[in-house]
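The structure under discussion appears below in the form of structure tokens.
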Amino acid sequence: MSVEITRTQPNPAPAGASIVGSRQASRATIAAFLGPALVIYAGFIFYPVLRTFYNSLHSVGPMNVTTFVGAQNFTQILTHDHTFWRAVGNTVTFTLIGTVLDVLGGLLLALCLFARAPFARLLRVVWFTPVLMSYVVVGIIWVWLYDYDWGLINTILRWLGLGALEQSWLGDPHTALWAVLVTHLWKWLGFNMIICLAALYALPEEVLGAAELDACGWFAKLVYIIIPMLRPTLINLLVLSFIGKMMLFDLVWIMTDGGPLWATETVSTYVYKRAFNWNTFDLGYPSAIAVLWSAMIVAFVVLMTRLLRQRDRLEF
Amino acid sequence: MAARLGRHHAIELWLGHLRRTPLLLFLILYTVVTGGPFLWVAMMSIRTTPEIFNDPYGLPVPAHWGKFADAWTISKYGTYFWNSLIVVGCAVALLTIIGSMAAHCLARYRFRGSRFVRVAILSGMILPPQLLILSLFQILLQFGLYNSLPGLIIAYVSTQLAMTVYILEGFFAQLPQDLFDAARMDGYSEFEIFWRITLPIGMPAVFTTIILNFIILWNEFLYAIVLLTDDDKRTLPLGIMHFMGAHQLDVGMIATGLMISIAPVILMYAFFSDILIKGMTAGAVR
């Protein structure tokens with residue numbers, strides 16, 4: 001069907017400028033250009049994904065001894081696996097709160113720079129630096145900052161005379177997830193800031209100027225003009241941030257290893273542990289978790305974009 | 001009268017500054033919060049562990065530059081660094097060649113199923129890695145590529161291919177068709193057109209993907225930890241984690257390792273910050 005549409009589509013190049021057939025090429029040419037990419041894609045993306053689906057319905061032991069178990073993995077996960085539900089709870093909490101803070105924080109930072117802050121260019125570069133650092137670097141630095149004895153956070157609390165508040169931030173099940181969330185925000189705020197800033201600079205100046213003429217306060221300007229006009233960008237950021245956090249693995253693995261007492265276990269770390277750390281020797285079960293969780297992510301993303309985008313039709 | 005006006009003006013100005021002070025304070029604070037930790041690690045990387053435990057936030061006096069040599073040889077960071085460089089270098093080279101060929105083809109020619117191919121390749125951008133990694137582990141194990149650098153290179157090429165094609169195709173599609181028609185009339189072959197027109201003119205986009213892929217893969221952790229087990233094959237992020245696991249308390253040496261892993265990224269960022277920022281944000285604003 002889509003092939004038909006492609007063929008009958010008019011040439012998008014300026015009319016008259018193109019020679020008939022200038023966008024045609026022999027099959028051999030196309031095969032030569034596209035071949036390597038398609039081989040990689042088919043062999044190492046398409047096939048593994050299919051195999052994960054296949055594995056999810058099987059029990060896959062060592063030496064690839066595979067037995068069909070039907071939906072048993074899924075029923076086991078959904079009804080009996082308490083660790084899985086704990087991981088889901090952690091991941092969802094982390095994602096919902098983190099996503100909102102991520103996008104709001106990025107927008108606020110961008111507004112600071114947009115409000116003609118001094119050294120905006122330099123600040124932009126510094127604020128973006130954590131985005132470029134690996135999770136290993138960021139994770140280890142923050143493990144040290146959170147350290148009970150000599151970490152900066154407790155040092156500052158003691159210096160302020162608030163020694164009563166000092167914590168073993170990553171060692172206490174009540175604070176560990178939040179400590180990881182702060183680190184994650186610290187790493188990614190710069191990314192959201194940069195994108196909001198680009199969108200802010202792309203706003204038509206007449207609208208902002210008109211608002212100023214109408215003596216619109218900055219808060220009203222933000223709520224009634226800037227945020228509605230940035231809506232498509234903000235939705236994109238929400239979706240990106242959401243997907244990234246639902247698949248959170250590296251930072252947790254480096255900082256807490258899912259502990260203490262499963263307080264920071266996420267679905268991704270649980271998948272890894274079931275596949276490689278627990279001596280269950282079954283790749284089928286973690287595959288089923290991966291399939292289930294990916295379906296959840298896709299469903300959520302579709303739902304989110306539907307809900308948020310519908311009102312996009314409004315023209316302003 | 002004039003003096004009073006002037007004084008009034010000065011007060012206005014001062015009030016304006018005062019109103020902006022919270023903003024300025026916030027700007028300074030956030031800059032310290034984002035940049036500070038890196039300066040701290042940089043200072044610790046040239047201090048010894050006893051010095052650090054004596055005063056974690058002291059200045060690096062005297063500076064122990066020799067720690068980098070020790071880290072390179074005794075702590076094996078040199079091995080990890082070369083492994084990282086080989087894996088990332090090969091993966092980026094392959095990605096650039098394969099990706100730009102595919103992007104050129106998708107942007108330039110109309111053919112049966114081109115839309116399907118485009119959607120299929122680009123869908124790799126939003127693919128959750130968990131759906132891939134367990135069976136990729138199985139497949140590489142079958143091919144004897146598990147726990148080998150080539151295996152990791154293959155994994156990296158396949159996971160970064162979608163983004164590479166996406167950025168390149170977007171840029172290549174904007175090149176005017178007339179250019180290619182003229183080249184054809186001059187008798188260029190299809191490959192010459194790619195090699196002598198698309199690539200040189202598309203260099204800015206190609207360069208962006210090179211830098212972007214380099215940094216993303218240099219920092220990569222998940223695939224590496226699943227696909228590599230030998231100490232001699234570990235990439236830098238894995239090597240640092242391994243060192244941290246074995247020498248939890250040797251903060252000074254870990255910091256030196258972190259600096260070795262940060263350095264190439266900082267160097268690239270210093271020279272190409274604009275390209276990097278634009279590349280990282282490509283596609284999010286549309």
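The values are calculated or read from the model by the stated rules, or taken from the named source; none is laboratory data. Quick caveat, the model's predicted, so the values are computed rather than measured. Backbone-built Cβ (ideal geometry, glycine too); neighbour counts: all protein chains shown.
What to note about this one:
- Single residue of B:Tyr269, B:Tyr223 found to be more than 9 Å from chain A (Cβ to nearest Cβ) and either modelled with pLDDT of 90 or more or not in a loop (DSSP other than H, G, I, E, B) (or both): B:Tyr223
- Of all the listed residues (B:Leu141, B:Leu152, B:Leu136, B:Leu122), the sole one being of a type outside the set (Val, Ile, Thr), closer than 30 Å to B:Ser84 by Cβ, within 11 Å of another protein chain (Cβ to nearest Cβ) and crowded, with 19+ Cβ neighbours inside 10 Å is B:Leu136.
- In region B:74-93, the residues that are closer than 14 Å to B:Leu152 by Cα reach residues that are in a helix (DSSP H, G or I) and β-branched (Val, Ile, Thr) with C-beta atoms within less than 7 angstrom, at least six apart or across chains, in these pairs: B:Val87/B:Ile153; B:Cys90/B:Ile153; B:Ala91/B:Ile153; B:Ala91/B:Val157; B:Val92/B:Ile210.
- On the stretch given as region A:54-64, residues that are more than 14 Å from B:Ile133 (Cβ to Cβ), at the interface with another protein chain (Cβ under 10 Å from one of its Cβ atoms) and at pLDDT 90 or above total 1.
- Every condition in (1) within 29 Å of the chain's Cα centre (by Cα); (2) within 13 Å of another protein chain (Cβ to nearest Cβ) holds for A:Trp218 except the one numbered (1).
- Every residue from region B:25-70 that is touching an Asp or Glu at 6+ places or on another chain (Cβ under 8 Å) and surrounded by fewer than 16 Cβ atoms within 10 Å (Cβ to Cβ): B:Gly58
- Residue check, A:Leu197 surrounded by 17 or more Cβ atoms within 10 Å (Cβ to Cβ), touching a helix residue (DSSP H, G or I) at 6+ places or on another chain (Cβ under 9 Å), touching a residue at least 60 places away in the same chain (Cβ under 8 Å) and within 17 Å of A:Ile97 (Cα to Cα): no
- Any chance B:Tyr109 is more than 9 Å from chain A (Cβ to nearest Cβ) and not basic (Lys, Arg): no
- Unmet requirement for A:Gly163, which otherwise passes all of (1) more than 14 Å from chain B (Cβ to nearest Cβ); (2) under 20 Å from A:Leu248 (Cβ atoms): (2)
- Residue list for region B:233-265, restricted to those being surrounded by fewer than 18 Cβ atoms within 10 Å (Cβ to Cβ) and modelled with pLDDT under 90: B:Gly245, B:Ala246, B:His247, B:Gln248, B:Leu249, B:Asp250
- Count - residues of region B:242-263 that are closer than 18 Å to A:Tyr146 by Cα, more than 9 Å from every other protein chain (Cβ to nearest Cβ) and either in a helix (DSSP H, G or I) or touching a Pro at 6+ places or on another chain (Cβ under 8 Å) (or both): 2
- Whichever residue in region A:109-119 is surrounded by fewer than 20 Cβ atoms within 10 Å (Cβ to Cβ) and more than 9 Å from chain B (Cβ to nearest Cβ) and, among such residues, is farthest from the chain's Cα centre (by Cα): A:Arg116
- Single residue of B:Thr229, B:Thr164, B:Thr159, B:Thr209 found to be closer than 30 Å to B:Ser135 by Cα and assigned to a loop (DSSP other than H, G, I, E, B): B:Thr229
- Residue ID - nearest to A:Asn55 (Cα to Cα), chosen from residues in region A:67-107 that are surrounded by 15 or more Cβ atoms within 10 Å (Cβ to Cβ), modelled with pLDDT under 90 and aliphatic (A, V, I, L, M): A:Val69
- Residue match in region A:219-228 (condition: over 30 Å from B:Ile240 (Cβ atoms) and of a type in the set (Gly, Ala, Ser)): yes
- Within region B:37-55, residues that are in contact (Cβ under 8 Å) with a residue 12 or more places away in the chain have Cβ atoms under 7 Å from residues that are among the hydroxyl-bearing types (Ser, Thr, Tyr) in these pairs: B:Phe38/A:Thr129; B:Ser45/B:Thr256, counting only partners at least 6 apart in sequence or on another chain.
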